1. Of LEU239, LEU307, LEU158, which is the most mobile in a GNM of the chain whose springs link Cα atoms less than 10 angstrom apart?
2. How charged is the neighbourhood of PRO53? Take every other residue with its Cβ under 12 Å from the Cβ of PRO53, and add Lys/Arg as +1 and Asp/Glu as -1.
3. Just for the stretch 243-369, what percent of DSSP beta bridges are antiparallel, to the closest 5?
4. Rounding to the nearest 20 debye, state how big the charge dipole of the stretch 219-369 is about its Cα centre with +1 on each Lys and Arg Cβ and -1 on each Asp and Glu Cβ.
5. For GLN356 and LYS77, FRET efficiency with R0 = 41 Å and r from the beta-carbon atoms, rounded to 0.05?
6. Please give the residues of the stretch 302-318, grouped as numeric ranges, whose backbone N is less than 19 Å from a label point set 7 Å along the Cα-to-Cβ vector of VAL285.
7. What three numbers, in Å, describe the spread of the alpha carbons of the chain along their principal axes, ordered from the longest?
8. Which far-off residues, 5 or more places away or on another chain, put their amide H under 5 Å from the one on VAL106, with H placed in the peptide plane?
Amino acid sequence: MRTSLIRTVAAVGAAALLTLGTACSNEREGAAGSDSADGKGFAKDSLIGVALPSKTSENWVLAGGLFTSGLKDAGFKADVQYAGASTTVADQQAQISSMVTKGAKVIVIGATDASQLATQVKQAKDEGAVVIAYDRLITNTPDVDYYIAFDNFKVGQLQGQALVDGMKAKKPKGPWTIELFSGSPDDNNSKVFFDGAMQVLKPLIDKGDIVIGSGQTDIKQTAIQGWKAENAQQRMDSLLTSAYGGKKTLDGVLSPNDTLARAILTSVKGAGKPVPVVTGQDSEVESVKSIMAGEQYSTINKDTRKLVAETVGMVKALQKGDKPTINDTKSYDNGVKVVPAYLLPPVIVTKQNAAQAYANDPKLAPLTK
Ligand code: BGC
């Protein structure tokens, strides 16, 4: 139901938006070398900018290489940049400005801080470039044209459900004691993942079937700044000290991604506690190994190869003056506008379905044998 409505609205909204976007670029460029008969689009060998955040998880590491090769194979010039490890916001702002100055026709951005890019994306729009938010939404600006990502709310729901399923499999009857973790507060995805998971967990918390051992349920308390493993490990260490003295057990931990899941497991094992059910996301090599070894319970498969290929597909459509495919025009309100989105379906992975889930992934498939 939700999907069919979305599709109908999407077609209309995307058409209107695209007309606007291409009209702007035509005015400036006259679209020399464009494929399209009516002069929309831009030259086939144009520069495409890709500004990625720092390498806080494996998906970002993979994305850089895939964008470089994917855009080059499609005939474009590619400028792919990562924000540095410490001065991420300023780095990314400067990188985007430089892409605009160099005349990039499309700028794909994995935001390091959702709310700190309004000036740079305005600059991009003023120069007639199309702005695509990649994986993470850019907020508080009218100057983002499209959003492409895996369905983040669904990711959260799958994590919440996996946590419940995993705990039930180990201990059929509750109440189960858990802790909640969420991602970096400057990443728009963090709240969406958390809200998705809480949609599953909250009714069980309200009924008393699930108990939050520390009582920390507010996203401000659960957030892990910078998606950093050391921050997650520190928070878990202090929760164990303050709320899990004596024989008190911890049945599960909602972890928003694999990097944090492994840090949480390190902390729990260091404290000599039994391994709880811990969720994750990203299908990182070390986490897939941990799942196969029976430690981390679940991860999410968001195949970066697919997401990058779809994004390059969007760029190709824009180059020809065509409308990129959109399948959601209501979920991603960035505070100023609802950004037309293309969302891919995430897949939950546990030890049970890992071999099947990674069958087409040459790096992960061997780990499941
Ligand atoms: C991505 C996750 C990733 C996290 C940390 C999020 O925006 O969607 O896949 O784990 O950033 O890098």
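1. Maximum among the listed residues: LEU239.
2. Summing Lys and Arg as +1 and Asp and Glu as -1 gives -3.
3. Approximately 75 percent, going by the DSSP bridge assignments.
4. Dipole about the Cα centre, nearest 20: 40 debye.
5. 0.60
6. 302-306
7. 72, 38, 36
8. Amide H neighbours of VAL106: GLY49, VAL130.
None of the figures in this text is laboratory data; all of them are computed from the coordinates on show. In this text the structure is predicted, and so the values were computed from the model without any measurement. Cβ: placed from backbone, ideal geometry, glycine included. Neighbour counts: every protein chain shown.
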